[in-house]
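A short write-up of the structure that comes next.
What follows draws every value from the coordinates through simple rules; no lab data is involved. Bear in mind that the values here come from a model prediction, so they are computed numbers and not experimental data. Positions of Cβ are generated from backbone atoms using ideal geometry, with glycine treated the same way; all protein chains shown enter the neighbour counts.
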Amino acid sequence: MKIIFMGTPDFALQSLAALNVNFNVALVITQPDKPIGRKKEIIFSPVKRFCIESGLDFIQPDKIRNNQELLQVVTKINPDIVCVAAYGKILSQEFLDIPKICCVNIHASLLPKYRGAAPINRAIINGDVETGISLMKMDSGMDTGDIISSFKLQIDDIDTTSTLTTKLADLGANEIVRLIKSIQSGSKILSCKQDNNKATIAPKISKDDGLIDWGKSFKEIDSLIRGCDPWPIAFTHFNSQMVKIYKIKEHDSDRINQGEIKRINKSMIVGCKDKNIEIIKIQKSGQRQLTGKDFINGISKIENPRFT
């Protein structure tokens, strides 16, 4: 079974590693290196690092569509299957027609829910209690192909995008290996069309998505904080400066106004729509993380402090 793998971030890494152990990964296609952070340093993606460490052949094309050189490379390999996990580009029909069997996408949601770039973030931010993995027979649309199989996974109250990504990556790796082994043993790929009437979109997360509205409920704010971890990190404003909020919990005390900050039993407490919130981890822009207790100690001289 000759496989081409396409993927770039951490979510894709587990599937690539599992496929590499069990099958012949003839080529890996991953996104070009991008400058990261203020210093614009070039940092290799998880998939590229794995390829280098494992001696896998890989390429990083600048584009997928209208790339005849890429099509020639893939056609020459003549793969049985192309496996895709969080590659980030829609493939042309010309590309999809190359493998002998099909192109299979490992998507981190229960399709047709959360088509798009950020299904894990959106599931947590929206307060969902479950998500999952869909193995999809790819077409030329954005996550619109026929579903081969799907597997549910519970979202725990403490899950962040980081922890849930790891769980879903493990699940996806196990299931793509199981699927290809079943194909090797002679099973046919059965699939069913998605119900487009039930489709929802999970657009790419931006920094602005992390802005906290203290007029929302504790559950909504907590879900936003967990869904924006590890990026972009949920934030608010204090004295016209951005402040990042990493972790909160409910606090049983007399209600205070939305966004208002109080010291209660040495803890940093903020009001929201339905409860009081204790700030556990917080960070001023450009400074180190602090506990809520340390933060409120540092603003003790400010009269009537509040988040906006």
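Structure above, values below:
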{"quantity": "Size-normalised alpha-carbon gyration radius of the range 2-198, reference 2.2 N^0.38 Å", "calculated": "1.00"}
{"quantity": "Relative contact order (percent, whole number), the chain, Cα cutoff 8 Å, 6+ residue spacing", "calculated": "14 percent"}
{"quantity": "Among Ile29, Ile158, Ile124, residue whose mean-square fluctuation peaks in a GNM of the chain (springs only between Cα atoms under 10 Å)", "calculated": "Ile158"}
{"quantity": "Percent of beta bridges antiparallel (DSSP, the chain, rounded to nearest 5)", "calculated": "65 percent"}
{"quantity": "Separation of alpha-carbon centers, the range 48-96 and the range 152-218, rounded to whole Å", "calculated": "22 Å"}
{"quantity": "Neighbour-count order for Trp214, Trp231, fewest beta carbons within 10 angstrom listed first", "calculated": "Trp231, Trp214"}
{"quantity": "Interchain or long-range residues, amide H under 5 Å from Asp274's placed H", "calculated": "Phe218"}
{"quantity": "Sparsely packed GluC sites (Glu not before Pro) within the range 219-308, loop by DSSP, other Cβ within 10 Å at most 15", "calculated": "Glu303"}
{"quantity": "For peptides 79-91, 136-148, sequence by mean Cβ density within 10 Å, most packed first", "calculated": "79-91, 136-148"}
{"quantity": "Inverse of mean 1/r across different Cα pairs in the range 207-298, Kirkwood, Å", "calculated": "12.9 Å"}
{"quantity": "CD proxy at 222 nm, helix term only [per DSSP H run n ≥ 4: -39500 (n - 2.57); per residue of the chain; nearest 500]", "calculated": "-8000 deg cm²/dmol"}
{"quantity": "Degrees separating the helix 10-22 axis from the principal Cα axis of the chain, which is the longest one", "calculated": "30 degrees"}
{"quantity": "Vicinal HN-Hα couplings computed from phi for the range 260-265 (Karplus, 6.51 cos²θ - 1.76 cosθ + 1.60; Hz; Gly/Pro x)", "calculated": "6, 10, 9, 9, 10, 6"}
{"quantity": "Protection-proxy order for peptides 188-195, 167-174, each taking the mean of Cβ atoms within 10 Å per residue, highest first", "calculated": "167-174, 188-195"}
{"quantity": "Cα-based helix-to-principal-axis angle, 68-77 vs the chain, degrees rounded to 10", "calculated": "60 degrees"}
{"quantity": "Order of Glu69, Glu94 - criterion: other Cβ atoms within 10 Å of each residue's Cβ, fewest first", "calculated": "Glu69, Glu94"}
{"quantity": "Dimensionless Rg/Rh of the range 92-210 - Kirkwood Rh, Rg from C-alpha atoms", "calculated": "0.99"}
{"quantity": "Calculated from backbone phi, Karplus (6.51, -1.76, 1.60) coupling profile of the range 218-232 in Hz, x at Gly/Pro", "calculated": "4, 4, 5, 5, 4, 4, 5, 4, 6, x, 9, 10, x, 8, x"}
{"quantity": "Interchain or long-range residues, amide H under 5 Å from Lys2's placed H", "calculated": "Asp80, Ile81"}
